[in-house]
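S.K.: Mind looking over this structure? Questions follow.
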């Protein structure tokens, strides 16, 4: 029988102390992996962090095929993961940190269950450019589907830029992510399931399946619009996204 609490403690400690841990030795189901994730985040909440939203993962068809899955994965965001726009992080707080450009939704009305794109949009108060710092706590950045889900779907930190009207057309926004002004990735918001709003529709469904809801004030990260780039000390990471503006952060040793 899977010891959910023990696995949650192990992964929470790996994230808290920025120490790599081996892949999970025993095979677990996807439901068990989400149970580990929930228990791991509960430990953070018990230490005083608050829930601030969720992140979506595997939002490109190529990644789904690569991992052999037919659905997205998701993780939970807490207050300790939020990094001020223009602020800084230390590499000492991470194991294998990488960054990817995303679109963020700010929820203005309760949202949960199977909804249409129009119903999901009606629950959005604002949209913004965002950068997510992902960090697998597993050794050598190697993991299975259930490994990554248990590890909060690699979510570790995020930066949100200026909020804009939810009426902004998100279907095909060009973007550039740069390190110290040198482009690292070019892309489009269309890479997120063809349209970021589809990710929000999926978010409403998966939280409902977990017995939860998206509440006013929650942030939903729609998923990476490009491949993630490994972080290095001393750089300033900047994202410029058409129509939505810019955001960024510094990386310290």
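The values are calculated or read from the model by the stated rules, or taken from the named source; none is laboratory data. Remember, it's a predicted structure, so these values are computed and weren't measured experimentally. Backbone-built Cβ (ideal geometry, glycine too); neighbour counts: all protein chains shown.
S.K.: What number of residues within segment 196-253 are outside any loop (DSSP other than H, G, I, E, B), out of contact with any strand residue (DSSP E or B) (no Cβ under 8 Å at 6 or more places or on another chain) and without any contact (Cβ under 8 Å) to a residue 60 or more places away in the chain?
M.R.: Of the residues in that region, 1 qualify.
S.K.: Consider only pairs whose beta carbons are under 6 Å apart and that are at least six residues apart or on different chains; among these, list those whose first residue lies in segment 6-25 and is more than 17 Å from residue 140 (Cα to Cα) and whose second residue is buried (at least 20 other Cβ atoms within 10 Å of the Cβ).
M.R.: Once the first residue is more than 17 Å from residue 140 (Cα to Cα) and sits in segment 6-25, its partners that are buried (at least 20 other Cβ atoms within 10 Å of the Cβ) give 7/36; 8/36; 8/40; 12/40.
S.K.: Does residue 148 count as over 25 Å from residue 232 (Cα atoms) and either in a helix (DSSP H, G or I) or modelled with pLDDT of 95 or more (or both)?
M.R.: When the stated conditions are applied, residue 148 does not pass them.
S.K.: Evaluate segment 164-184: report whether one residue or more is closer than 19 Å to residue 216 by Cβ, in contact (Cβ under 8 Å) with a residue 12 or more places away in the chain and touching a strand residue (DSSP E or B) at 6+ places or on another chain (Cβ under 6 Å).
M.R.: Among the residues of segment 164-184, at least one is closer than 19 Å to residue 216 by Cβ, in contact (Cβ under 8 Å) with a residue 12 or more places away in the chain and touching a strand residue (DSSP E or B) at 6+ places or on another chain (Cβ under 6 Å), which makes the answer yes.
S.K.: When you scan segment 149-183, how many residues do you find that are touching a helix residue (DSSP H, G or I) at 6+ places or on another chain (Cβ under 6 Å) and farther than 18 Å from residue 231 by Cα?
M.R.: Number of matching residues: 7.
S.K.: Test residue 136 against the stated conditions and say whether it is modelled with pLDDT under 95, surrounded by fewer than 19 Cβ atoms within 10 Å (Cβ to Cβ) and in contact with a helix residue (DSSP H, G or I) (Cβ under 9 Å, 6 or more places away or on another chain).
M.R.: Considered against the rule, which asks whether it is modelled with pLDDT under 95, surrounded by fewer than 19 Cβ atoms within 10 Å (Cβ to Cβ) and in contact with a helix residue (DSSP H, G or I) (Cβ under 9 Å, 6 or more places away or on another chain), residue 136 comes out as no.
S.K.: Being closer than 28 Å to residue 232 by Cβ, touching a residue at least 40 places away in the same chain (Cβ under 8 Å) and surrounded by fewer than 20 Cβ atoms within 10 Å (Cβ to Cβ), is that true of even one residue in segment 113-129?
M.R.: For segment 113-129, residues closer than 28 Å to residue 232 by Cβ, touching a residue at least 40 places away in the same chain (Cβ under 8 Å) and surrounded by fewer than 20 Cβ atoms within 10 Å (Cβ to Cβ): absent.
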